[in-house]
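The values are calculated or read from the model by the stated rules, or taken from the named source; none is laboratory data. What you see is a predicted model; the values in this text were computed from it and never measured.
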Amino acid sequence: MDQGVLIVTLIVGAIVGYLAAKVLKRTWFGVIGDLVVGMVGSVIGSWLWNWSHPVEDHGFDFFLHTAAAAAVGSLVLLILWRIARR
């Protein structure tokens, strides 16, 4: 993962982590914790996407795929964490 992709992934993860916390109403992390969990989830989601789709294309489609993988990864991690806390 190069620097540009990592920066996009972390930014998308932070945004999705914040929005997912608002949707889920209560995550017990606080704002900073939600941002960090979103970032970690987005890195995991992007890594899994790149692992399962090894074609390196740095066009706009690649940006959309990276952003989507980051969003899904962070949402899944927040939801799994919430389920585990119950």
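Considering only region 40-55, state which residues are hydrophobic (A, V, I, L, M, F, W, C) and at pLDDT below 75. Selection gives VAL55 alone. Of VAL23, VAL5, VAL12, all but one fail to be modelled with pLDDT of 80 or more, assigned to a helix (DSSP H, G or I) and aliphatic (A, V, I, L, M); the exception is VAL12.
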